[in-house]
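Everything on this sheet refers to the single structure shown next.
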Amino acid sequence: MMRGNAVSHVKVRARGLRRAALLLALTLVGATMATFTQPAIAVTPPRVGIACTTGVGGGATTPIFNLTTKTGYISLPDGNTAFMWGYSSGFGAFQHPGPVLCVNAGDTVTVILRNTLPEAASIVFPGQTNVLANGTPAQPESTGSGAITSLTSTAAAGGGTVTYSFVAANPGTFLYESGTNPEKQVRMGLFGALIVRPSAVPSGGAAGSVASEYANNRADSRFNPAEEFMVLLSEIDPYQHQAVENGKSFNMNNYHPRYWLINGRGYPDSIADNGASWLPAQPYGALAQVGEFDRTAVPVDQPGMARYLNVGTEDYPFHPHGNNGLVVARDGGPLEGPTGEDLAFEKFAINIGPGQTWDVIFKWYDAENYSPSNPVPVTVPSLADQSIGVFYSGSPYLGTKEALPPGIQSVNQCGEYYIISHNHALFQITSWGTNMTGPITYMRIDPPTPNSCG
Ligand SMILES: [Cu+2]
């Protein structure tokens, strides 16, 4: 069973959040504020959550994706930029990370890779079997003397192409990434997420539900598709990227990441909308916006879902504050025993290993039903003793806004909560030493509808 967490705990953490938010507001660029005032450019809706790229051409069960390797730059929270390699969609502009490829289980997926880089490149699809390249089984490549040069068939440098195809047999969350010189090419940014949804409602699934509401082929993997999020975690060693940009070699013995990113962005950019105009090459936001889970709803309410992926070289212990999650799948496979028994388990910090994916169902509700008429059993400090961040509503109660002291500017809309979620390896939430940036985002909890959040 999943349980909500006592608001008192959340509130204690929220004070730290408020302090952090204030510090950030004071010390960082105005991006945090701009998040809420600057419109998103027209890319794939929705504003938050997973922005899928779906296949073009082909039939309903034979999607075709065109990916082009390109070079470009991304913005980092310390004001730096990094030279990157990436997969872009069709003839689209450079983007980081690559498009989120969304297909259904059983689809025959075709990915046509066109390579504009100065060296051969490729794509491997971990978790997929019987991958074909140009119609024959994808194979490692080697030099004449036998040394492996690529884990899979490549597209030649300077405009070569290769066509991969495979049947996406199992629903779940997967990475796709370069199989060629991966310690260089994956680190440079040749990676993305592949989401495979069930093709049908699982046996035992709820009447009236649809296949895309399930994480996998288990009836107990149901979630609310309006609350589905991607947490794609990665890292950058700026010296490696500088060397590649200048055509120089880089000694991997000196590899040392200095930046860590969530969906290709560092905080505070991470909480900006999908397609935020000031991040033209980094289209994917990481704000997890959910409604309070309604324990009495008829028909029953459904939880949210986070798809975690780690494409880096180290464990990333991701930590949504004040909230357990239910781990329902790992590496694209449901957690179940040999006879189908449920092996899902609750976890507080989600410790994703390199190359792993974790599917985690979560919900938030006020277990104690605190409100102004059922106040928290602690003395709320006077305003003079609080530090107040830009997201605070003025009240500890969800859906309640109260007056803030003169001089405090708040972007809180309707008494919603913001709870920090971050990589708990604290040395990884920096940007080359700029503290409290990197893989940090918020879970935003909106009060029950109707509310004034719009
Ligand atoms: Cu924490």
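One table, with the values for the structure above:
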quantity: Alpha carbon Rg of the chain, scaled by the compact-globule rule 2.2 N^0.38 Å; calculated: 1.00
quantity: Tilt relative to the chain, helix 7-27 - C-alpha long axis, 0 to 90 degrees, to 10; calculated: 70 degrees
quantity: Separation in nanometres of the label points that stand 7 Å from Cα toward Cβ, at Asn435 and Gln139; calculated: 5.6 nm
quantity: Coordinate range along principal axes, alpha carbons of region 53-106, Å, largest first; calculated: 44, 20, 11
quantity: Thr129-Thr71 pseudo-label distance in nm [points 7 Å out on the Cα-to-Cβ vector]; calculated: 4.0 nm
quantity: Alpha-carbon centroid distance for the pair region 254-312 / region 377-409, whole angstrom; calculated: 26 Å
quantity: Check: region 249-301 dipole with +1 on Lys, Arg Cβ and -1 on Asp, Glu Cβ, in debye; calculated: 320 debye
quantity: Estimated translational D of region 163-284 in µm²/s (Stokes, Kirkwood radius over Cα pairs; 20 °C; 1.002 mPa s); calculated: 124 µm²/s
quantity: Rh (Kirkwood; distinct C-alpha pairs) - region 300-340, Å; calculated: 13.0 Å
quantity: 5 Å binning of all Cα-Cα separations within region 311-380, expressed as whole percents from 0 upward; calculated: 4, 14, 18, 17, 15, 10, 8, 6, 6, 2, 0
quantity: Qualifying GluC sites (Glu not before Pro) in region 309-349, DSSP loop, other Cβ atoms within 10 Å at most 11; calculated: Glu341
quantity: Given the chain, longest segment not containing exposed loop trypsin sites (Lys or Arg not before Pro) (DSSP; at most 11 other Cβ within 10 Å); calculated: 4-247
quantity: Hits among lysines - C-alpha to C-alpha of Lys184 under 30 Å, sequence gap 8 or more where chains match; calculated: Lys70, Lys248
quantity: Orientation-averaged projected area, Cα convex hull of region 65-224 (nm²); calculated: 11.5 nm²
quantity: Tail fraction, Cα-Cα pairs, region 332-454, threshold 20 Å, whole percent; calculated: 62 percent
quantity: Unit charges on C-beta of K, R, D, E only; dipole of the chain, Debye; calculated: 540 debye
quantity: Cα gyration tensor category, rounded, prolate or oblate, for region 115-157 with a/c compared to 1.5; calculated: oblate
quantity: Candidate lysines for bridging to Lys347, where Cα separation is under 18 Å - those fewer than 8 sequence places away on the same chain excluded; calculated: Lys363
quantity: Tensor-based shape of region 254-369 (alpha-carbon gyration tensor, a/c under 1.5 rounded, otherwise prolate or oblate); calculated: oblate
quantity: Relative contact order of the chain, pairs being alpha-carbon contacts under 8 Å that are 6 or more residues apart, as %; calculated: 18 percent
quantity: Options Ser382, Gln185, Ile408, ranked by Cα towards positive dipole end of the chain, top entry (Cβ charges); calculated: Ile408
quantity: Listed residues Ala93, Ser209, Val103: farthest to the positive end of the dipole of region 80-209 (Cβ charges); calculated: Ser209
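Since every read-out is calculated from the coordinates, none of them should be taken as a lab result. A quick note: this is a predicted structure, and the numbers were derived from the prediction, not measured. No Cβ is skipped: glycine too gets one built from the backbone with ideal geometry, and neighbour counts run over all protein chains shown.
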